[in-house]
Amino acid sequence: MTAPWWHPAALARRRANLAARARVLAAIRGFFGARGFVEVETPALQVSPGLEPHLHAFAVVVRTPDGASRPRYLHTSPEFAMKKLLAAGEPRIFQLARVFRDAERSATHHPEFTMLEWYRAGADYTALMDDCQALLAACADAAGAASLCWQDRASDPRQTWERLSVAEAFARYAGIDLLATAPDPQAPDVGRLTAAAARAGIAAHDGDDWDSLFFRIFLERIEPRLGTPAPTILTDYPISMAALARPSARDPRLAERFELYVAGLELANAFSELTDPVEQRRRFEADVATKQRLYGERYPIDEDFLAALGSGFPASAGIALGVDRLVMLACAAAHIDDVLWAPVT
């Protein structure tokens, strides 16, 4: 029988990891403080929890003293609220937020977890790439880790990082010309991707759309190859896969979005922010329709966020990084519960 998380022996097994966690959190605060960032706090209860179609939120009801009630959600990210602070004039902000995602539980997922988000006004996503490189080295040093490890892979954040586009990754590891499967960048062609996948030895499933097949190819052929022997920044996603990112100035088929991979594990997701409220509404409405079609549920659009975008919102860039995963990597932990003081039970 497994001992409960609060049993002295169970805590003792995690104690070194938890000490490293504390040092990593201190290093994060020191890193941003030294660079002129302000630490902010925004509410977990929001009108809209985030509209990414494949994320599921916890719904709650807020009751007022007079008996009225308002539906709210526990946020899946503090993104909307933090961007409102950018609209208010804050130039550099970060937050260590507790965030909530339903239907997520695995070695690397937990329904309540800690997310680090930071935003830079007057910058694009390349500035965040440089931030990541310096931050991960600082956190590894704080944890006393020679490298960041996941399963049997090691990644040294102090070495030269790889920067690789999504299209280059599909060509290199799957032999697929990804952009050729999206002659209309806003509506990629699942038939073309199905044919390309078949040539690569990957069969589509009944009912696959383009995104579903993209992720199957990615998880099978590409993700395990990323982030070793040093972290990989995977850049320039198809525009259809970046609802909050601005289009690339170099290629309008692409978005200024990157994800960070360390030892085969996804750690962060970043954008140069979309600042056009009309285009943002169109993308939100498309995401709401996709969630309704796939899962039979829909979340409201945060109209206040769209108003903030239309109020002279600055050119900016933002990123979300999973703190628990970062601590796992620094401690070579096998399960997210190994780096939590107390899991959700």
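With the structure loaded, tell me whether D324 is touching a strand residue (DSSP E or B) at 6+ places or on another chain (Cβ under 6 Å) and either within 19 Å of H56 (Cβ to Cβ) or among the hydroxyl-bearing types (S, T, Y) (or both) or whether it fails that test. Steps first, answer last, please.
Details: touching a strand residue (DSSP E or B) at 6+ places or on another chain (Cβ under 6 Å): yes; either within 19 Å of H56 (Cβ to Cβ) or among the hydroxyl-bearing types (S, T, Y) (or both): yes.
Criteria met by D324.
Every residue, every condition in (1) farther than 25 Å from C331 by Cβ; (2) in contact (Cβ under 8 Å) with a residue 60 or more places away in the chain; (3) open to solvent by 40 Å² or more (accessible area, probe 1.4 Å), yes or no:
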site: P8; (1), (2), (3): no, no, yes
site: V24; (1), (2), (3): no, yes, no
site: F32; (1), (2), (3): no, yes, no
site: V38; (1), (2), (3): yes, no, yes
site: E41; (1), (2), (3): yes, no, yes
site: G50; (1), (2), (3): yes, yes, no
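Quick test of your reading of the structure: D156 fulfils all but one of (1) open to solvent by 30 Å² or more (accessible area, probe 1.4 Å); (2) more than 19 Å from V24 (Cα to Cα). Name the failing condition by number.
(2)
Given the structure, is R257 under 19 Å from the mean Cα position of the chain (by Cα), crowded, with 21+ Cβ neighbours inside 10 Å and basic (K, R)? Before the answer, list the steps.
Details: under 19 Å from the mean Cα position of the chain (by Cα): yes; crowded, with 21+ Cβ neighbours inside 10 Å: yes; basic (K, R): yes.
Judged against the criteria, R257 is a match.
Determine whether region 112-128 contains at least one residue that is open to solvent by 30 Å² or more (accessible area, probe 1.4 Å), in contact with a helix residue (DSSP H, G or I) (Cβ under 8 Å, 6 or more places away or on another chain) and under 15 Å from P231 (Cα atoms). Please lay out each step first, then the result.
First, pick out the residues of region 112-128 that are open to solvent by 30 Å² or more (accessible area, probe 1.4 Å): 112, 120-122, 124, 126.
Adding the requirement that they be in contact with a helix residue (DSSP H, G or I) (Cβ under 8 Å, 6 or more places away or on another chain) leaves 120-121.
Within this subset, residues satisfying the condition of being under 15 Å from P231 (Cα atoms) are none.
No - not one qualifying residue is present in region 112-128.
Search region 81-109 for residues that are among the hydroxyl-bearing types (S, T, Y) and pair each with any residue that is open to solvent by less than 40 Å² (accessible area, probe 1.4 Å) and part of a loop (DSSP other than H, G, I, E, B) when their beta-carbon atoms are under 6 Å apart and the residues are at least 6 apart or on different chains.
Every condition considered, no pair remains.
Applying the selection to region 289-345, what residues are among the aromatic types (F, W, Y) and open to solvent by 10 Å² or more (accessible area, probe 1.4 Å)?
Let us first name the residues in region 289-345 that are among the aromatic types (F, W, Y), namely 295, 299, 305, 313, 341.
Hits for region 289-345 are Y295, Y299, F313, W341.
Any idea which residue in region 171-215 is surrounded by the most Cβ atoms within 10 Å (Cβ to Cβ), counting only those that are within 27 Å of Q280 (Cβ to Cβ) and among the polar types (S, T, N, Q)?
In the first step, residues of region 171-215 are kept if they are within 27 Å of Q280 (Cβ to Cβ); the result is 178-179, 181-190, 193, 209-215.
Those still in the list that are among the polar types (S, T, N, Q) too: 181, 186, 212.
Details: T181: 22, Q186: 12, S212: 16.
Once the filter is applied, the top-ranked residue is T181.
The values are calculated or read from the model by the stated rules, or taken from the named source; none is laboratory data. As the structure is a prediction and not an experimental result, all values here were calculated from the model. Note: ideal-geometry Cβ built from the backbone for every residue, glycine included; neighbour counts use all protein chains shown. Note: areas computed on protein heavy atoms with side chains; ligands, DNA, RNA excluded. Shrake-Rupley method; radii C 1.70, N 1.55, O 1.52, S 1.80 Å.
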